[in-house]
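**Student:** Just passing along the structure, written as structure tokens.
Every read-out reported here was derived from the displayed coordinates using simple, explicitly stated rules and does not represent laboratory data. The shown structure was predicted, so the numbers you read here are calculated from the model rather than taken from an experiment. Using ideal geometry, Cβ is built from the backbone for each residue, glycine included, and neighbour counts are taken over all protein chains shown.
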Amino acid sequence: MKAYRIEQDGKVGRGGIVEMERDALDPGELTIRTRFSGVNYKDALAGLGGAHIVRRYPCNGGIECVGDIADSGDDRFAPGDAVIVHGRGIGVSHDGGLAEYMRVPADWVLALPEGLTAREAATLGVAGYSAALAVDRLQALGLRPGGLPVAVSGATGGVGAYSVAMLAGLGFDVVAISSKPDAGEYLSGLAAKEIVSPADLGDKPVATARWCGGIDAAGGPVLARMLAACDRDGVVASIGNAAGIELATTVLPFILRGVTLTGINADSDMDTRRRVWNRLATDLKPKGLADWAGIIALDEVPDLMRRMLDGKTTGRTIVAFGGAGTE
Ligand SMILES: NC(=O)c1ccc[n+]([C@@H]2O[C@H](COP(=O)([O-])OP(=O)(O)OC[C@H]3O[C@@H](n4cnc5c(N)ncnc54)[C@H](OP(=O)(O)O)[C@@H]3O)[C@@H](O)[C@H]2O)c1
């Protein structure tokens, strides 16, 4: 079988396409034949030595997989069942989804929800799931459409683009914060009402309120600026660190405006996954989902990862395994 396998290179990992024996895969009750696997920013960091992500070498990359059960040693799954796996250490400490097969414990595996094809689920992937989790959290913490808009940073990335589309679909006016000067058409197409550059957000500890809250996929100074311009009782969900891990802010948004900063970690428990994936198949499902992702072959993964780390990619890209019939 073919895999994008990450070997140790000093203190970090270095990935490449290899042929390997299926028997060498990490153990688990279920063998999954991969149909699609998304490529995420974290995968690029892991595969190109951008950070110490992989915990055990060698390890097949890929933090997500949509596929069919090939062999089952668990009563809950039968051969042919369509399933989704993400997180739980796959691609980091357990052989991941950028491979023709993977083997995983049955407790990590979710049946594909009704209302999503395998390609649609992979198109959403961890990015769509994380965006949906953040949207779900903003709603649970009281954000409703109708007042000030909601902001999304890293708006042209996987998480950002889904966040824009899902929030717009729920009736929020969305301000897309993007560092790409030519992203206007793409973001307007996702139904963003306004597009701003992080450079235009100012650097005051509290600024005129521009949004009722938001989803931050960028981190660093962008998150600080989102907090500073958040309205009274607003909620900002921190989900990513593409622009940095430092958070230089003050207590003022919290004590003067009662702003809530909430953290999102997509490696949720299985009940949360089931509930949020069901929302992805229904009220949070973006329109025209099948066309959202570019499709590449496994061999093209290293080049895509390079461009991703250089901030030159837009939206989602998924790897299709098995050619025709993968729909
Ligand atoms: N917490 C979780 O569980 C979880 C789950 C999924 C993803 N994440 C994180 O969320 C972030 C976004 O993930 P993704 O898959 O959407 O990544 P992505 O597709 O690569 O998008 C990242 C976006 O961040 C923006 N960005 C701002 N400054 C950047 C810089 N210096 N270098 C590169 N990009 C920069 C860019 O959008 P603009 O040009 O439009 O500004 C870029 O498109 C990542 O940090 C990822 O690790 C976290």
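**Student:** Dipole magnitude of the chain about its Cα centre, charges +1 at Lys/Arg Cβ and -1 at Asp/Glu Cβ only, in debye to the nearest 20?
**Tutor:** Result for the chain is approximately 880 debye, rounded to the nearest 20.
**Student:** Among Met270, Thr260, Leu133, whose Cα sits farthest toward the positive end of the charge dipole of the chain (+1 at Cβ of Lys/Arg, -1 at Cβ of Asp/Glu, about the Cα centre)?
**Tutor:** Thr260
**Student:** Positive end of the charge dipole of region 157-223 (Lys, Arg +1 and Asp, Glu -1 on Cβ, about the Cα centre): tell me which of Gly220, Ala183, Ala199 has its Cα farthest that way.
**Tutor:** The residue sitting most towards the positive pole is Gly220.
**Student:** Measuring from the lowest to the highest alpha carbon on each principal axis, how far does the chain reach, largest first, in angstroms?
**Tutor:** Between the extreme Cα coordinates on each principal axis of the chain lie 59, 44, 34 Å.
**Student:** At 7 Å along Cα-to-Cβ for each site, give me the label-to-label distance between Lys312 and Lys193 in nm.
**Tutor:** Taking the two extended label points, one gets 3.6 nm.
**Student:** Further question: Of the residues Val174, Val164, Val206, which exhibits the maximal mean-square fluctuation in a Gaussian network model of the chain defined by a 10 Å Cα contact cut-off?
**Tutor:** Val206
**Student:** Nearest 5 is fine: what % of DSSP beta bridges in the chain come out antiparallel, could you say?
**Tutor:** Beta bridges within the chain, antiparallel portion: roughly 55 percent.
**Student:** Shifting gears a bit: With each run of n ≥ 4 DSSP H residues scored as -39500 (n - 2.57), what mean residue ellipticity at 222 nm is computed for the chain after dividing by its residue count and rounding to the nearest 500 deg cm²/dmol?
**Tutor:** For the chain, the value works out to -7500 deg cm²/dmol.
**Student:** Identify all lysines with a Cα-Cα distance to Lys2 below 29 Å; exclude those on the same chain that are fewer than 8 residues away in sequence.
**Tutor:** The reachable lysines, counting only those whose Cα sits under 29 Å from Lys2, are Lys11, Lys42, Lys312.
**Student:** Sorting Cys65, Cys212 on the 10 Å Cβ count, fewest up front, what's the list?
**Tutor:** In order of increasing Cβ crowding within 10 Å: Cys212, Cys65.
**Student:** Further question: Given the options Leu30, Leu261, Leu284, state which has the largest fluctuation in a GNM of the chain using a 10 Å cut-off (strictly under) for Cα springs.
**Tutor:** Highest fluctuation among the options: Leu261.
**Student:** If you place +1 on the Cβ of every Lys and Arg and -1 on the Cβ of every Asp and Glu, how big does the dipole about the Cα centre of region 127-263 come out, in debye to the nearest 20?
**Tutor:** Approximately 260 debye in magnitude.
**Student:** While we're on this one: Compute the signed sum of charges (Lys and Arg +1, Asp and Glu -1) over the other residues within less than 15 Å, Cβ to Cβ, of Gly219.
**Tutor:** The answer is 0.
**Student:** For region 67-163, evaluate the Debye formula with one uniform point scatterer on each Cα (no solvent term) and list log10 I(q)/I(0) at q = 0.14, 0.16, 0.22 Å⁻¹, rounded to two decimals.
**Tutor:** -0.66, -0.80, -1.20
**Student:** If you don't mind, another one. Could you please rank Ser130, Ser37, placing first whichever residue has the fewest other Cβ atoms within 10 Å of its Cβ?
**Tutor:** Fewest-to-most Cβ neighbours within 10 Å comes out as Ser130, Ser37.
**Student:** When a footprinting reagent is the concern and you count Cβ atoms within 10 Å, what order do Phe77, Phe254, Phe321 take, fewest first?
**Tutor:** Phe254, Phe77, Phe321
**Student:** If one takes the longest principal axis of the Cα atoms in the chain, at what angle in degrees, from 0 to 90 and to the nearest 10, does the Cα axis of helix 118-140 lie?
**Tutor:** Orientation of helix 118-140: about 40 degrees from the principal axis.
**Student:** If you don't mind, there's one more thing I want to ask. Please report the net charge: other residues with Cβ closer than 11 Å to the Cβ of Asp95, K and R +1, D and E -1.
**Tutor:** The answer is +3.
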